[in-house]
Amino acid sequence: LVLSGGDVMLGIVGDENRMAPAVVSDVVATSERLSALQVPSSIYILCTADVVEGAQGYRMRRIGQYFDRGRALELYDVYDGDPYALLKLKESIQPQFEAALACYEQGDMAQARLRFMQIVKTAFDDGVSRNYLYCADARLNGRGEAGYRVM
C-alpha cells in the first residue's frame, strides 16, 4: 500500500457506448513508481511525509528521501501492519537504523555502510537496511546516486 497526498482529477471518460472511470494526477504516477520500492524493501505500507504529518500512534520509521523527477520526497515505513516477527525486528533495530541513516544522509558512506552491515548481520529481513547497504557501497565506489533506491 502506498499512501501519498495531492490533487487528483477523477472522472468518467468515453462515450455513450463505452465508459470507464479514470484518475489523472502526478500523485498517481508517483505512487506507482514508489510501489516498486516496496517488495524488495520489506515495506507493507509506504507513506510520504504529507500523509504522515497528522498520523499519531502508529509504529513508523523515516526511511529517507526518494528523488522523483526533481522532487525530494520524504518516505516513511508504517510497520504496524507488518507480520509480527518483522514488526518486532524493525522495532528492535530502530536506534541503530536512525544512526546509520544519519551517516548516509550526511555523506559518510564508509560509516553508513559499516552501520548498515551491522544491522543486516542480525536483521537480514529488513530490506530497507539491506538496500541502504548496497546504496552506500555503490556510492563509495562512485556508482550510486543520493537518496533511497532499490539496488
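The values are calculated or read from the model by the stated rules, or taken from the named source; none is laboratory data. No experiment lies behind these values; they were computed from the predicted model shown. A quick note on method: Cβ atoms are made from the backbone with ideal geometry, for glycine too, and the neighbour counts reach across all protein chains shown. The area values use the complete protein model at the heavy-atom level, side chains included, leaving out ligands, DNA and RNA. Shrake-Rupley method; radii C 1.70, N 1.55, O 1.52, S 1.80 Å.
Between L114 and A29, how high is the FRET efficiency from 1/(1 + (r/R0)^6) when r is the Cβ-Cβ distance and R₀ = 35 Å? Nearest 0.05. Using R0 = 35 Å, I get an efficiency of 0.45. Each peptide in 61-68, 40-47 was scored by the mean count of other Cβ atoms within 10 Å over its residues; highest first, the order is 40-47, 61-68. Relative to the Cα centre, the charge distribution of the chain, modelled as +1 at Lys and Arg Cβ and -1 at Asp and Glu Cβ, gives a dipole magnitude of about 660 debye. Using C-alpha pairs below 8 Å separated by at least 6 residues, the relative contact order for the stretch 17-148 is 22 percent. For the Cα trace of the stretch 1-61, dividing Rg by the Kirkwood Rh returns an Rg/Rh value of 1.12.
Each part reduced to its alpha carbon centroid, the stretch 70-141 and the stretch 1-45 end up 27 Å apart. The residues packed around Y79, meaning those with a beta-carbon under 11 Å from its beta-carbon, carry a net charge of -1 if Lys and Arg are +1 and Asp and Glu are -1. Only helices enter the 222 nm calculation for the chain: every DSSP H run of n ≥ 4 contributes -39,500 (n - 2.57), and dividing by all residues gives -14000 deg cm²/dmol, rounded to 500. Our Cα-only numbers for the stretch 74-147 put the radius of gyration and Dmax at 12.2, 38 Å. Over the stretch 1-59, what percent of the accessible surface lies on carbon and sulfur atoms, probe 1.4 Å? Carbon-and-sulfur percentage of accessible area, whole number: 57. Per the Debye formula on identical point scatterers at the alpha carbon atoms of the chain, with no solvent, log10 I(q)/I(0) at q = 0.10, 0.14 Å⁻¹ is -0.40, -0.70. How much accessible area per residue does the stretch 1-110 have, counting only protein heavy atoms and a probe of 1.4 Å, in square angstrom? Per-residue value: 59 Å².
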